[in-house]
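Heads up: the structure comes next, in structure tokens.
Computed from the coordinates by the stated procedures, all read-outs in this text should not be read as laboratory data. Note that the coordinates shown come from a computational prediction; the quantities given were computed from them, not determined experimentally. Ideal geometry is used to build each Cβ from the backbone, glycine not excepted, and the neighbour counts take in all protein chains shown.
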């Protein structure tokens, strides 16, 4: 989640950047989510894109740390699962659900 401030009130809100469809400056910054919700925020497009980059870099860094960690008792291990999107609706035995 990225933390932003609502326009005028300064109220802090957290938005999942994966749900952002578009960001517009008209001249105020409006964030439109994939579900149609719109937020008017104080941050500029450049500030928001930098926050998104930092958020995603942090996720990538965490994933790399988890994949390299030898202490499997406390940390989930990440692994590559073969198959494409056609395999997403199959259970562990390869049977379509």
For residues that are without any contact (Cβ under 8 Å) to a residue 12 or more places away in the chain and part of a strand (DSSP E or B), scanning just region 29-50, find the one that is surrounded by the most Cβ atoms within 10 Å (Cβ to Cβ). 30
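What tally of residues in region 5-20 results from selecting those that are outside any loop (DSSP other than H, G, I, E, B) and under 12 Å from the mean Cα position of the chain (by Cα)?
So the first thing to find is which residues in region 5-20 are outside any loop (DSSP other than H, G, I, E, B), and the list is 5-6, 12-15, 17-20.
Still in the running and under 12 Å from the mean Cα position of the chain (by Cα): 14-15, 17-20.
Adding up the residues that qualify gives 6.
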